[in-house]
1. Report those strands (runs of 3 or more DSSP E) wholly inside the stretch 278-371 carrying at least 1 residues which are at pLDDT below 95 and either touching a helix residue (DSSP H, G or I) at 6+ places or on another chain (Cβ under 6 Å) or surrounded by fewer than 18 Cβ atoms within 10 Å (Cβ to Cβ) (or both).
2. Please pick out the residue among THR192, THR186 that is buried (at least 18 other Cβ atoms within 10 Å of the Cβ), touching a His at 6+ places or on another chain (Cβ under 7 Å), polar (S, T, N, Q) and at pLDDT 95 or above.
3. Scan the stretch 195-254 for residues that are closer than 21 Å to THR130 by Cβ, among the aliphatic types (A, V, I, L, M) and surrounded by fewer than 18 Cβ atoms within 10 Å (Cβ to Cβ) and jot them down.
4. Can you name every residue in the stretch 213-229 that is in a loop (DSSP other than H, G, I, E, B) and within 15 Å of LEU119 (Cα to Cα)?
5. From the list ARG59, ARG43, ARG113, which residue is modelled with pLDDT of 95 or more and within 29 Å of LEU230 (Cβ to Cβ)?
6. Evaluate the stretch 339-356: report whether one residue or more is farther than 29 Å from PRO391 by Cβ, charged (D, E, K, R) and out of contact with any Ser or Thr (no Cβ under 6 Å at 6 or more places or on another chain).
7. Which ones in the stretch 240-255 are closer than 18 Å to VAL355 by Cα and in contact with a Lys or Arg (Cβ under 9 Å, 6 or more places away or on another chain)?
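The values are calculated or read from the model by the stated rules, or taken from the named source; none is laboratory data. Keep in mind it's a predicted model, so treat the numbers as computed, not measured. Ideal geometry is used to build each Cβ from the backbone, glycine not excepted, and the neighbour counts take in all protein chains shown.
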Amino acid sequence: MTVRSAHAARPTAPSPAAPRSSAGAPLPVLGLDVEVPLADGGRAPYAALDYAASTPALRRVWDDVAAYLPLYSSVHRGAGHLSRLSTDLYEQSRRTVAGFLDLPPDHRVVFTRGTTDSLNLLAAALPEGTRVFSFASEHHASLLPWRRPGLRPVCLPVPRSPHEAVALLEEALAAAPAGPSLLCVTGASNVTGELWPVADLAAAARRHGARVVLDAAQLAPHRRVSVRELGVDWVALSGHKLHAPFGAGVLAGRTDWLDAAAPYLAGGGAGRTVEHREDGTLAVEWHRGPARHEAGSPNVVGAHALASACRALTEAGRDALAAREEELLARLRSGLAEAPGVRVLGLFGERHPRVGVLSFTVDGWESARFAEALSDGYGIGVRAGLFCAHPLVRALLGGTAARPAPCGASGSPLPGERSLDAVRVSFGAGTPEEHIERFLSAVRELTRRHR
């Protein structure tokens, strides 16, 4: 079932701040008409170029959620008409996400709070003694959940090419003792935007009997994700990076380990039957499938919003969106190459494919100050820091991660070390070309002013 308003059924014209260009029109998003204060007392339309952290919500998502909210009610256990409607909407959202990810028929979608929640759920469901392999270049959400009792995390070095990544994994898996194994790998780096060789890594894992979970938080907003074609066992993603609001995410994939594990949360909806015994204990039969790990009242609005975003991206055409992004990315890279003192970070070489995420340093500038100058002087929002990927950023900058870095290394420099971080600019399907041009103009002005 799809709940749509009459307004949502009509095409929404792009904001005046989002002119058409040779790259095509951006998808309509909220916030294009928001003005922010500048340091000189003026105001400017906000240019959101921090998509890798959170994307602005699509106007389509807003319309779909607004149409549903008057009909909002409890799910699964209500007999009233609105409860049945909400239940249908929630389960339809599950089916929409399954189609978006091209899941095999026997795989299932579990709704979570986001990618971090999804990977922690999977970590809690892994068999005792599972070896979990990840690269030190991962986001902390893909590094830290496996550091729990009963699991054996193995942190592989930061690779400098896709071939090296596959070779490192093959070597580690070949040397591992018998037992359950899992590889956790990103689809696209949240620091460099570079695409990872997921299909090749998954094939290597299968050769050694290991399973794979794909962190698609950065990949799914920019590229089509097919669980069947990539050969992964699970995929995790976040709605707030997919043009939906905060608070909803997905763990989708195989059910066997999830059904064999204790529920991630114990509470209403997770138990099929609960009986009180004479000895004062409880006999519980847990559900199988998604309900086992979705205890409590689910985030129906979040699931609906996430599914709406999936539909909008699919209907817009993933190939067309990717082609537009490639044009903007080429313009961004050529513009940064012209700015004095700017160094773009990367692992796999300049020609390696990327999504709309770039991190860079600027000679003579602290990253935080440069990001503040973009905001205060031009109304541009970017990110500065280590991007919850401390070992990777340090390796890229020749810092502490040039030697083997422990998973989950702190962002604070040790005594005698330099503080190393970078600026990140990121964009996507809703980014107007004007935002990219304004950003490049600002970078040129700031770098030339401080030469």
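1. The qualifying strands (runs of 3 or more DSSP E) are 282-286.
2. Sole residue among the options that is buried (at least 18 other Cβ atoms within 10 Å of the Cβ), touching a His at 6+ places or on another chain (Cβ under 7 Å), polar (S, T, N, Q) and at pLDDT 95 or above: THR186.
3. Once the filter is applied, which keeps residues that are closer than 21 Å to THR130 by Cβ, among the aliphatic types (A, V, I, L, M) and surrounded by fewer than 18 Cβ atoms within 10 Å (Cβ to Cβ), the stretch 195-254 yields only ALA203.
4. Listed by number, the residues that qualify are ALA216, ALA217, GLN218.
5. ARG113
6. No, there is no match, as no residue in the stretch 339-356 is farther than 29 Å from PRO391 by Cβ, charged (D, E, K, R) and out of contact with any Ser or Thr (no Cβ under 6 Å at 6 or more places or on another chain).
7. HIS243 - this is the single residue of the stretch 240-255 that is closer than 18 Å to VAL355 by Cα and in contact with a Lys or Arg (Cβ under 9 Å, 6 or more places away or on another chain).
The rows are residues; the columns are (1) more than 12 Å from the chain's Cα centre (by Cα); (2) within 27 Å of HIS390 (Cα to Cα); (3) touching a residue at least 40 places away in the same chain (Cβ under 8 Å).
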{"site": "ALA203", "(1), (2), (3)": "yes, no, no"}
{"site": "VAL213", "(1), (2), (3)": "yes, yes, yes"}
{"site": "GLN218", "(1), (2), (3)": "no, yes, yes"}
{"site": "LEU237", "(1), (2), (3)": "no, yes, yes"}
{"site": "GLY253", "(1), (2), (3)": "yes, no, yes"}
{"site": "ASP259", "(1), (2), (3)": "yes, no, no"}
